[in-house]
Amino acid sequence: MHSIVNHPRRVMAALALLLVPAGALAAMATAGQSVEPVRCEIRATPESGMVALEALVHADKNASGTYSFRVESVGGAGGTNIEQSGAFNATSGRPATLGAVTLGAKGAVYDATLDVTVGGKSISCTQRVGGAN
């Protein structure tokens, strides 16, 4: 009986064929999304055992609209459920901070979602942050 496990190169090739598309999908889900003339971004910055999350919008030209920034804990101790929302004006060439939050990072995992609406068109950015002890 022939087994693929006896051929490690075949196993690695098979895993690569499965993991490359999965990695591409994960990257698309967390990357900044855009709708002309704006792009959204969630920026995570570690700070002394904490993590700062910023909801940003980048504008190619001056734009205004509304946003909703949500952060929920999905792991670790305690529970976090934060929502910030409102109207914004963005200036061309300068990222506008729409919302910000600083949270405990030790063993915690957070899902952050930013929804932006400009001119009746909506975009969404998501990011999972944390998990390090």
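Quick note: the coordinates plus some simple rules give every number you see, no bench work behind them. Because the structure is predicted, anything quoted here is derived from the model rather than measured. Cβ: placed from backbone, ideal geometry, glycine included. Neighbour counts: every protein chain shown.
Observations on the structure shown:
- Ranking of R94, R43 by count of other Cβ atoms within 10 Å, fewest first: R94, R43
- Ranking of L56, L114 by neighbouring Cβ atoms within 10 Å, starting from the fewest: L56, L114.
- Calculated P(r) of segment 32-130 - Cα pairs past 17 Å, %: 47
- Summing +1 for each Lys or Arg and -1 for each Asp or Glu among the other residues whose beta-carbon sits under 11 angstrom from that of T97 gives 0.
- Magnitude of the charge dipole for segment 32-130, about its Cα centre and with charges confined to Cβ atoms of Lys, Arg (+1) and Asp, Glu (-1), is about 120 debye.
- Sorting D111, D60 from the fewest to the most surrounding beta carbons within 10 angstrom yields D60, D111.
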